[in-house]
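This report concerns only the one structure given below.
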Amino acid sequence: MRLREALDLAEGVIGLTDPNPRVGCVLGTQDGRVLGRGATQEVGGPHAEVMALREAAANGHDVRGATAWVTLEPCAHHGRTPPCCDALIAAGIGRVVAAMQDPFPAVAGQGMARLRAAGVQVALAGGALAEAAREINIGFFSRVLRGRPWIRLKTACSLDGRTALPNGVSQWITGPAARADGHAWRRRASVVLTGIGTILSDDPGLDVRLVPTRKQPRRAVLDSRLRIPVDAAILQRPGTLVYTSSNDAERQMALSAIGAEVIRLTTDRERVDLHALTTDLTVRQANEVHVEAGAALTGSWLESDAADELLMYVAPMVLGPGRGIADLLPSQDLATTRRFQFAGSEFVGQDLRLILRRIDSLPEHWCPLPP
């Protein structure tokens, strides 16, 4: 099916298009010939429909009367680029089939309406194809519909829930395949975030290295007291966000001098307020936030009820005493515990990858799909 092919194209630009959605487009004829393919490029670049039209033109194909299969409703507004629906109309496209409607307020049905008014046949696929399109862009949908990014907590642990030995040694609990898969999830993110405890103990770079990528996500650190060393690996590329509650001007200046951006979020507690941080990331148009942190910060995200998803790699080993996944306050009874729903499970090499989502973060609660 051509829409499935378009979804593959959209998946191919994961890590490139933020803050725009990942969109794929296939142009073809009713007898099965493909005339052009395209996917949305880096922000400011052409969208999927324009890329497909350009490929068709480069190959000498006439697209008049052809069908455009696209994973998201063509845009209808002037942003950094002209409206895609106008490009399709001008090219003489006869039919447009979109997996689902674009939730962005400046589009939200207007693209399909403009196409229909121009005499183009339009249809929404809905169903499983719409669900797949939503999953590819879950962060974009979250930011547009809920006014906040999709927050994902990643952890790797043993069967008995340990992330490291008592002395902090954790390399490597999981195997090479799981580590590469974790980098693929980093690639999805607008921002990869960790805490000062992880910086001081492991000094991670938190960049994408084990899978190909055309663009690195932005990196961020929660550091209430500005203890991060200026030679920390995460600061070696300019633009790292350092969230703090400290008013130490000298430390702020030292970090700014090496290209970090220090954001002070005032709070009545020593720790950075995670809801204020989430608001700041929303303003920065972050779609997906990928958190790789120790037990303290992971516990804080869970306690704040701000995390949407858990990405867990479980290794087939038992460590015994060691560091746990999350530091949490004790629950008084089972009825009030935080509950998650399994959203996926798959073996990755020798390890098991689990995806769990908070019940009130399930996409169908805030983004119902057409039948």
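The values are calculated or read from the model by the stated rules, or taken from the named source; none is laboratory data. Quantities reported herein were computed from a predicted structural model and do not represent experimental measurements. No Cβ is skipped: glycine too gets one built from the backbone with ideal geometry, and neighbour counts run over all protein chains shown. Surface areas here come from the heavy atoms of the whole protein model, side chains and all, with no ligands, DNA or RNA. Shrake-Rupley method; radii C 1.70, N 1.55, O 1.52, S 1.80 Å.
Out of the residues in the stretch 349-360 that are out of contact with any strand residue (DSSP E or B) (no Cβ under 7 Å at 6 or more places or on another chain) and in contact (Cβ under 8 Å) with a residue 40 or more places away in the chain, which is least open to solvent (accessible area, probe 1.4 Å)?
Step one: list which residues in the stretch 349-360 are out of contact with any strand residue (DSSP E or B) (no Cβ under 7 Å at 6 or more places or on another chain), which gives 349-350, 360.
Still in the running and in contact (Cβ under 8 Å) with a residue 40 or more places away in the chain: 349-350.
Working: Gly349: 59, Gln350: 115 Å².
The qualifying residue least open to solvent (accessible area, probe 1.4 Å) is Gly349.
Take Arg339 and decide whether it is open to solvent by 60 Å² or more (accessible area, probe 1.4 Å), farther than 19 Å from Arg152 by Cα and among the charged types (D, E, K, R).
Judged against the criteria, Arg339 is not a match.
Given the criteria among the β-branched types (Val, Ile, Thr), over 21 Å from the mean Cα position of the chain (by Cα) and modelled with pLDDT under 90, does Thr244 qualify?
Spelling it out, it is not the case that Thr244 is among the β-branched types (Val, Ile, Thr), over 21 Å from the mean Cα position of the chain (by Cα) and modelled with pLDDT under 90.
Inspect all residues belonging to the stretch 138-146 and state whether any of them is closer than 21 Å to Thr194 by Cα and modelled with pLDDT under 90.
The answer is no, given that none of the residues of the stretch 138-146 is closer than 21 Å to Thr194 by Cα and modelled with pLDDT under 90.
On the given criteria, is Ala10 open to solvent by less than 10 Å² (accessible area, probe 1.4 Å), at negative phi, small (Gly, Ala, Ser) and assigned to a helix (DSSP H, G or I)?
yes
Give me the residue from the stretch 24-44 that is over 19 Å from Ala133 (Cβ atoms) and of a type in the set (A, V, I, L, M) and, out of that set, surrounded by the most Cβ atoms within 10 Å (Cβ to Cβ).
Leu35
Take the residues in the stretch 337-361 that are among the small types (Gly, Ala, Ser) and assigned to a strand (DSSP E or B); name whichever of them is farthest from Ala315 (Cα to Cα). Write out each step before concluding.
As a first pass, look at the stretch 337-361 and keep what is among the small types (Gly, Ala, Ser): 343-345, 349, 361.
Of the ones still in play, those that are also assigned to a strand (DSSP E or B) are 343-345.
Values: Ala343: 19, Gly344: 16, Ser345: 13 Å.
Among those that are among the small types (Gly, Ala, Ser) and assigned to a strand (DSSP E or B), it is Ala343.
Looking only at residues that are small (Gly, Ala, Ser) and assigned to a loop (DSSP other than H, G, I, E, B) in the stretch 13-41, which one is farthest from Ala66 (Cα to Cα)?
In this case the residue turns out to be Gly15.
Exactly one condition in (1) within 29 Å of Thr240 (Cβ to Cβ); (2) open to solvent by less than 50 Å² (accessible area, probe 1.4 Å); (3) out of contact with any strand residue (DSSP E or B) (no Cβ under 8 Å at 6 or more places or on another chain); (4) hydrophobic (A, V, I, L, M, F, W, C) is false for Leu129; which is it?
(1)
Tell me the residue from Gly147, Gly119 that is open to solvent by 40 Å² or more (accessible area, probe 1.4 Å) and free of Cβ contacts under 8 Å to residues at least 12 places away in the same chain, please.
Values: Gly147 fails: free of Cβ contacts under 8 Å to residues at least 12 places away in the same chain.
Unique residue meeting the criteria: Gly119.
Per-residue answers, yes or no, for (1) surrounded by 16 or more Cβ atoms within 10 Å (Cβ to Cβ); (2) farther than 23 Å from Asp207 by Cα:
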residue	(1), (2)
Ile234	yes, no
Thr240	yes, no
Asp248	no, yes
Ala254	no, no
Ala260	yes, no
Ala306	yes, yes
Leu310	yes, no
Val314	yes, no
Ile325	yes, no
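What is the residue count in the stretch 192-214 for residues that are open to solvent by less than 60 Å² (accessible area, probe 1.4 Å) and of a type in the set (D, E, K, R)?
Going through the stretch 192-214 one residue at a time, the tally reaches 1.
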